[in-house]
Amino acid sequence: MSFTPTPPELLARARADLRMGVPVVLTGKGGGGALALAAETLTAGRLADLRAMGGAPVLAITARRAETLKARPYDGDLARLRLPADAGLAWVLAVADPADDLDMPMKGPFHAYREGPADLHRLALTLAKSARLLPAALLLDLPDPAGFAAAQALTHLPAALVAPLLAATPHPDPVVSARLPVEAAEAGRLHIFRPADGSEEHYAFEIGQPARSEPVLARLHSACFTGDVLGSLKCDCGPQLRGALAQMGANGAGVLLYLNQEGRGIGLANKMRAYSLQDQGFDTVEANHRLGFEDDERDFRLGADILKSMGFSAVRLLTNNPRKIAMMEKHGLKVVERVPLKLGETAHNRAYLATKAAKSGHLL
């Protein structure tokens, strides 16, 4: 029946489950499966229930987090850590969250698995990331995963169906648009786009009536609540947003894409964790790595898809980030010009900007 959730709908449900601390069931090749819980939202009660089931629970962390903890990532991009017999909730959270790393640097010794497949552990980490949670998950093998999921009313995710969805960029579909005059330009129109997988909506603000046959002045701007809304001095996002709108207003036409990829794609909560680590002396890239993330987890393919769906094929891109240019070109949008956007340097973000230039290749 059509009421049965589709794989994208199951994926959206699983993200919500993990954020609330509800486990999900993953199945892989040959019918093998595992119960998976996000470490960040794990409770003492569910950890006790997991142990009562018998078996050997495994804590999966990314290779980035493993590097900080001096654990061995035998699976390349992740490490599967044996859960010690006396490990409680505090141990799991301490391994997943670097908040107390400097106070308690010695968390091992860790015993990492190297035998058997790690596909479901990798899927669990990707799922946790997509839910904007810390990339750490507790897994326990299940002899009858489908039966267990049905008996416990848990979301059941076959890896063959959802892994490709997690690797792909969900196509953002147009929802509605309406006229919106702003300070930078009275001739403004806001377009709302909603991905089919239930993830965050994205926005395109169109100024004037840019010709679809010519390169449009465009900006891919990642959401920054702290900078865009609060006026944070720790980044240059707010000044870049307002500066881009001002240039488009003066130009009489342009498109600003506002992509909900806060904190380089790790979410606001993890961004605040990164800020806390920066207060301990780590730069922005080091903080992301200690949390278990890569330098930049954003997906700029979203921007290319939205611009193409609006009828554009070429852009003059307002950016200091060569990665955005490469992504636009790779996904069918010609970048005829890079328009620099150097604004907002303060005493509070000078080191941050230097790190973006030195480690992320930004043209500052």
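The values are calculated or read from the model by the stated rules, or taken from the named source; none is laboratory data. Remember, predicted model here, so these are calculated numbers, not experimental data. Positions of Cβ are generated from backbone atoms using ideal geometry, with glycine treated the same way; all protein chains shown enter the neighbour counts. Surface accessibility is based on the protein's heavy atoms, side chains included, excluding ligands, DNA and RNA. Shrake-Rupley method; radii C 1.70, N 1.55, O 1.52, S 1.80 Å.
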query: touching an Asp or Glu at 6+ places or on another chain (Cβ under 9 Å), part of a helix (DSSP H, G or I), over 30 Å from A39 (Cα atoms) and open to solvent by 10 Å² or more (accessible area, probe 1.4 Å) - does that describe any residue in segment 248-271?
result: yes
- request: State all residues of segment 80-125 that are part of a loop (DSSP other than H, G, I, E, B) and open to solvent by 80 Å² or more (accessible area, probe 1.4 Å); if no residue qualifies, say none.
  value: A85, D86, L102, D103, M104, P105, M106, P109, H111, R114, E115, P117
query: In segment 142-165, what count of residues is obtained for those that are open to solvent by less than 40 Å² (accessible area, probe 1.4 Å) and under 17 Å from M53 (Cβ atoms)?
result: 5
- prompt: Only one of (1) touching a His at 6+ places or on another chain (Cβ under 6 Å); (2) at pLDDT below 90 is not met by E345, so which one is it?
  reply: (1)
So K129, is it of a type outside the set (A, V, I, L, M, F, W, C), modelled with pLDDT of 95 or more and open to solvent by less than 80 Å² (accessible area, probe 1.4 Å): yes
statement: If we ask which residues in segment 66-79 are among the hydroxyl-bearing types (S, T, Y) and open to solvent by less than 70 Å² (accessible area, probe 1.4 Å), their number turns out to be 1
query: From E200, E186, which residue is open to solvent by 40 Å² or more (accessible area, probe 1.4 Å), touching a residue at least 60 places away in the same chain (Cβ under 8 Å) and of a type in the set (D, E, K, R)?
result: E200
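This table checks each residue for (1) in the same structural domain as G28 (by the TED database); (2) open to solvent by less than 30 Å² (accessible area, probe 1.4 Å); (3) aliphatic (A, V, I, L, M).
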position	(1), (2), (3)
F193	no, yes, no
C235	no, yes, no
R242	no, no, no
A246	no, no, yes
Conditions (1) within 19 Å of A159 (Cβ to Cβ); (2) in contact (Cβ under 8 Å) with a residue 40 or more places away in the chain; (3) not in a strand (DSSP E or B): number failed by T41: (1)
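Okay, residues lined up against (1) at pLDDT 95 or above; (2) of a type in the set (A, V, I, L, M); (3) open to solvent by less than 10 Å² (accessible area, probe 1.4 Å); (4) closer than 23 Å to A96 by Cα:
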residue	(1), (2), (3), (4)
S2	no, no, no, no
A14	yes, yes, yes, yes
R19	yes, no, no, yes
A34	yes, yes, yes, yes
G45	yes, no, no, yes
A56	no, yes, no, yes
I61	yes, yes, yes, yes
R64	yes, no, no, yes
query: Are there any pairs, at least 6 apart or on different chains, whose C-beta atoms fall under 6 Å, with the first in segment 317-334 and open to solvent by 10 Å² or more (accessible area, probe 1.4 Å) and the second in a helix (DSSP H, G or I), and if so, which?
result: H331/R301; H331/A304
